[in-house]
Structures are given as C-alpha cells and as structure tokens.
Amino acid sequence: MATIDTANRTEPAASAPIALPSLLDTAATRRAIRASAREPSLAQQIARTSGEPPPTSAPDRLGNAVKAAGRGDCAKGDYTGAGMGLLSLPFLAVAVAGGQCAK
C-alpha cells in the first residue's frame, strides 16, 4: 500500500479577490446627491402642498430662542416693578400685555 506524503504537498495559492468599484462612489451617485441637495426638503414640499407655512430653519429657531432668552421670566419676578407685593400686580399686567415676559 502506498502512503501519501501530505507534509510536502503545496496548496495552490488563492487568487486575490477582484476589486469591484464601490457602488456608493460613482458619478451617478454623486449627481443624485447633488440633485437632492438642491431640491427643497421633504418637510418643505409637504408644507407647500398642504398650504401650511414652511417649517422654520435651524438658524431661525436659534434666533427665536435667543430673543426669548433676552426677556425676563415674569413668574420669577424678572420685570420692572417686581418685589412690591400686591402693588406689583399692575406692573406684572403691563409686562405680560407688552410681551416683555418670556413665558
């Protein structure tokens, strides 16, 4: 009976995988990304079709929050004439009616 010497046997070298081009990095993908960036967002498209005002952008929301933070909180007594007990009620009413309160 013949024995097979497996210690000296060499395996065929595995071929390197063929590098396929990435589907995410093609000219068509880049064109599609640029085209979608030029179009209005989905929220703006829905607002336009439903007749509602468009949603505010992030810089507009930040500006509104900064404006609101600049006003005092009337519940904490941040208005002119505060701290006089019942005598400060007219001042509180003027501040609320004048929009000087953040809340």
Being in a helix (DSSP H, G or I) and either touching a Gly at 6+ places or on another chain (Cβ under 9 Å) or in contact (Cβ under 8 Å) with a residue 12 or more places away in the chain (or both) narrows it down to one of Ala47, Ala68, so name that one. Ala68
Selected residue [at pLDDT below 85 and either in a helix (DSSP H, G or I) or hydrophobic (A, V, I, L, M, F, W, C) (or both)] from Ala28, Ala37, Ala14: Ala14
Would you please name the residue that is surrounded by the fewest Cβ atoms within 10 Å (Cβ to Cβ), looking only at residues in segment 55-92 that are of a type in the set (A, V, I, L, M) and more than 38 Å from the chain's Cα centre (by Cα)? Leu86
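The values are calculated or read from the model by the stated rules, or taken from the named source; none is laboratory data. Just so we're clear, the structure is a prediction, and the values are computed from it rather than from any experiment. With ideal geometry, Cβ positions are generated from the backbone for all residues, glycine too; neighbour counts draw on all protein chains shown.
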